[in-house]
Structures are given as structure tokens and as C-alpha cells.
Amino acid sequence: MMDVDQAIAKLTRGVPRKPARTLPLAEAHGRILAEPMFSDLSVPPLDNSAMDGFAVRSADLGQPPVRLSVATTTFAGDPPAGPLGPGHAVRIMTGAPMPVAGADAVVRVEDTRVVAPTDGGEQVDILVGAAPGGFVRRAGEDIRPGQQVLPAGALVNAANLGLLASLGVGHVQVVQRPRVAILSTGDELVRPGQQPGPGQIFNSNSFTLLGLVRECGGLPIDCGIVLDDLDATRAALRQAAAADVLITTGGVSMGERDWVRVALEAEGAQLQFWKVAVKPGKPACFGSLGACRIFGLAGNPVSCMVGFYQWVRPVIRLMLGDPRPHLPVVPATVSETICKRPGRAWLERVVLDRDPSGGLLASRTGSQSSGVLSSMSQAHGLLLLHRESTGVAQGERVSVMVLDWSFLHSREPDYGW
Ligand code: AMP
Ligand code: MG
């Protein structure tokens, strides 16, 4: 039986990234950049004021207060005022361009007093000194022309949408989403909404997989339910293998009607391996049919989900060009003693909480049976116990793969000040 690490290494080797497609910027939210983005302009484009106040020559303010003549007023969106002569100031608003020459600082309006207008025009008393560059935002201080602003593989999140918009980018090249076919097998399965006959159950795996595929950026294709029949399974597999990835559930262990492996072989699939030393999710088979990567996951709802996180998710993320395709594993203390037999790695469903020292506390969700989907619904992560481990004692340090960080969100503001 193969180790988990070995299996992951095999499955993730040589996964090709999907090609790029062009999308209008607003539609690129949540996608991954297919190419690095460079700026061809300066942000901000011109020196401009960081405050409402007066643009001045700092050398004029040697011994404040100093009375200056107000040459003009510049608002954000105006062109820059002409050169500022000695003894003059320009009234300037936040974001407005600095005068083309002469002015090298801004004094905040709070630090000035406007003098009643005289025949000589408007005047202002500047009450404080200014250092050269004070309250001036320099052209290009955020981004310089030619600078790489985002690498290929970056997620187009809200900040990056804004960053690209600030460069005037209207369209971006993103990586196409892998098409992921989902096929559930089992005579016992009916769709939610249908009436189950005696002995029948609702197909839940297709729905968890639909969510999991979407959550990790793939494009799910629901291929429905196939009965436990060799010919029907072969036909369904043949059709579904037009996708980039095919996930089947059930029918992959030693039962008399477990046809998935047989059907894949009959269809000419290249099977890589089919047993990994892990609980849950030991019966699983991996291979390819043409260009389609196939993951035959176990039918038990928890095995199916855990199998997806272990095997399928990294492959989808690699197809998306994610430079970090693996979920985070963090240290935690375990709240109870767990006894284990060596031979297989265990992935135990746990809820996470902060412990008093600021670390994380991991507690099992109760039954670890691979049929108990409600425990997956509660779980924030999977506690990882190595193949040779004989268990852990209460309070020991363990590693947890985090699936859901929502336990760190808080009901009340939690700034800690
Ligand atoms: P199998 O791997 O086909 O032997 O199925 C193992 C267990 O998982 C059986 O109890 C099945 O009824 C259950 N199961 C298989 N497929 C699904 C599914 N799509 N939704 C819910 N339960 C399933
Ligand atoms: Mg079955």
C-alpha cells in the first residue's frame, strides 16, 4: 500500500496548467493570473497633495508665521498650476496636482489662517514651517513604470482588482478553469427531490463534490448517477472523460458490483495505483483516460470528501496555476488521547478553537465513521496521524490540515485593545 505523501507526489507530478483566456477586469474576480502584470505608467501619475491646504516653497517658511500671496486654487482633477514664485502659495485640495515647479511641500489648512482680501489679492498666513516633500505624494511612489505589480499565479482578489484598475487595465489573462466531471455510482442512489424506494438513499456525494470543486476554482459538471452495471459504467466513464478531471464515487472497493476499476481498465485507462495507506479513503483508484485525470473515490461520504482534499484539490489548483496548491497544516494541541494502530495514516475530523495561550486546540468531532457526514459539517480540519503513529496523548502537539478558518471569526469586534 502506498504512503499518503508518495501518492500525493505521484498525482501532482507533471500536472499541466490550463491555457489562458482573456476576461474583462470585473469578471476576473477570484481567478488566477496567467501572466505577470507590469505597469506602463506611474501611480500616482503626478506629484499631488496628501492634504487640503497650501502648496508652498518650503524655503519661504524659514521663520513662521509667514504671509504668502495665494496665486490660485487647484482641485483634484485640475491640471497643475503654473510655476510657484517666491512669496506665493497655491490653495490645494487632497489629490490635486502640485504646481509644475517651485512648490515642494504642502501645509495643512489647519496650520494656516486666511487673511482678509486686500487690493493686492488673497493672502494667507502660514503658521508652521514645512520640510521639503511634506504632505506631497510623489509621482510613482506607489508604482513605477515598467514595474511588475503582480506575478503570474496571483489571485485576482478585491485588492488586486483595484490595483489593476488603478493601472488602467481593462482586460486580463486568467487561467481557464478545469472542467471537473462528477459521477456517482450506486444502485441505491436517488436524487434529492425523488422518492427513495426501500433500501435507497439520497445521493449526497455529487453535491459535496459540486461544492468542493467550485470552492477550489474548478468548473463542476454533474454527470449524475450510474447504476452498478459494467456496461453502463463504461459508457458513463467514456462520456465523462471529455473533462479535464473525472471524479467518480463508490464502486471502487472489493464488492461484487464494484465496477469502476474494471470499467476503467476495459475503457483503456492507465491506472496508476488504487490503494493508499490512509483512513478514511483507502479504496480509491487513480489513473488517466486520454488527457483526463481520473480519481475513483470511495463511496462513503466522508471518504469521498477527505479523498477530494487529499488527492483532487491539489491537482485542480495546479491546473489553475496556483503556486501553492496545498492546504495549510498548522500546529495544535489535542484535547484528548487518541489511540491508533500503526499501518495506515489517520485523518481525524476535528473542531478547532483558540487555547488560552493563543495556540489552537483540536478536539475530535465524535464518531470518526466514514459514513457520518455531519461530523464533516462540524469539522474545521483534519488531524494528521502518521502511518506509523500509535496515537497521541491529551495535550500533545499535533498537525492539523485546516479546511475552514471560520472558527477564528468573532461575534463581537476582537481588536484586543
Ligand atoms: P461503495 O464505495 O460503493 O461501496 O459505497 C460505500 C458506502 O457509501 C455505501 O454505504 C453507499 O451507499 C455510500 N454511498 C456511495 N455513493 C454515495 C453517494 N453518492 N451519496 C451518498 N452515499 C453514497
Ligand atoms: Mg456502491
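Cα to Cα, under 15 Å, and not fewer than 8 places away if on the same chain: which aspartates and glutamates meet these conditions relative to Lys340?
Glu348, Glu388, Glu396
Provide the per-residue ³J(HN,Hα) series for region 134-143, in order, calculated from phi with Karplus coefficients 6.51, -1.76, 1.60 and θ = phi - 60°, each as a whole number of Hz, with x at glycine and proline positions.
x, 6, 10, 8, 6, 3, x, 6, 7, 9
Over region 1-110, what is the relative contact order in percent, taking alpha-carbon pairs closer than 8 angstrom and at least six residues apart?
Result for region 1-110 is 28 percent.
Of all DSSP beta bridges located in region 329-408, what percent are antiparallel, nearest 5?
So the antiparallel bridges in region 329-408 amount to around 90 percent.
Just the number, please: percent antiparallel of the DSSP beta bridges in the chain, rounded to the nearest 5.
65
Given R₀ = 41 Å, what would the calculated FRET efficiency be for Ser69 paired with Ala158, taking r from the Cβ atoms and rounding to 0.05?
My answer for the efficiency is 0.35.
Please report the net charge: other residues with Cβ closer than 12 Å to the Cβ of Ser335, K and R +1, D and E -1.
Overall, the nearby charge balance is -4.
Give the long-range amide H neighbours of Lys340: residues separated by 5 or more places, or on another chain, with amide H under 5 Å away, using H modelled in the peptide plane at 1.01 Å from N.
Gly391
With a 1.4 Å probe and all protein chains kept in place, how much accessible area does Phe135 have, in Å² rounded to the nearest 10?
90
From the backbone phi of region 298-309, what are the Karplus-calculated ³J(HN,Hα) couplings (6.51 cos²θ - 1.76 cosθ + 1.60, θ = phi - 60°) in whole Hz, Gly and Pro given as x?
Result, rounded to whole Hz: 5, x, 4, x, 6, 4, 5, 5, 5, x, 4, 4.
Take the solvent-accessible surface of the protein heavy atoms, probe 1.4 Å, and return the percent of it on region 329-408 that carbon and sulfur atoms account for.
After summing per-atom areas, the C and S share lands at 51 percent.
Under 5 Å between amide hydrogens, which residues at least 5 positions from Arg293 or on another chain qualify, with H placed 1.01 Å from N in the peptide plane?
So Arg293 has HN proximity to Val245, Leu246.
Residue separation times 0.36 nm, minus the C-alpha to C-alpha distance between His29 and Arg144: what's the value?
39.0 nm
Going by accessible area, probe 1.4 Å, with all protein chains left in place, what is the ranking of His380, His386, largest first?
Solvent-accessible surface, decreasing: His386, His380.
Sequence-distant or interchain residues sharing an amide H contact under 5 Å with Leu84, placed H: which?
For Leu84, whose amide H was placed from the backbone, the distant partners under 5 Å are Ala101, Gly102, Ala103.
Could you tell me how far the Cα centroid of region 252-298 sits from the Cα centroid of region 166-198, in Å?
Cα centroid of region 166-198 versus Cα centroid of region 252-298: 20 Å apart.
Straight-line reach from Lys18: which aspartates and glutamates have a Cα under 16 Å away, not including same-chain ones fewer than 8 places off?
Once the sequence-local aspartates and glutamates are set aside, what remains near Lys18 is Glu35, Asp244, Asp322.
Accessible area per residue, 1.4 Å probe, Å², for region 300-417: what's the number?
51
The values are calculated or read from the model by the stated rules, or taken from the named source; none is laboratory data. Worth saying up front: this structure is predicted, and the values here are computed from it rather than measured. Here the Cβ is made from the backbone with ideal geometry for all residues, glycine too, and neighbour counts use every protein chain on show. Each accessible area value is taken on the protein alone, full model and side chains, heavy atoms only, with ligands, DNA and RNA left out. Shrake-Rupley method; radii C 1.70, N 1.55, O 1.52, S 1.80 Å.
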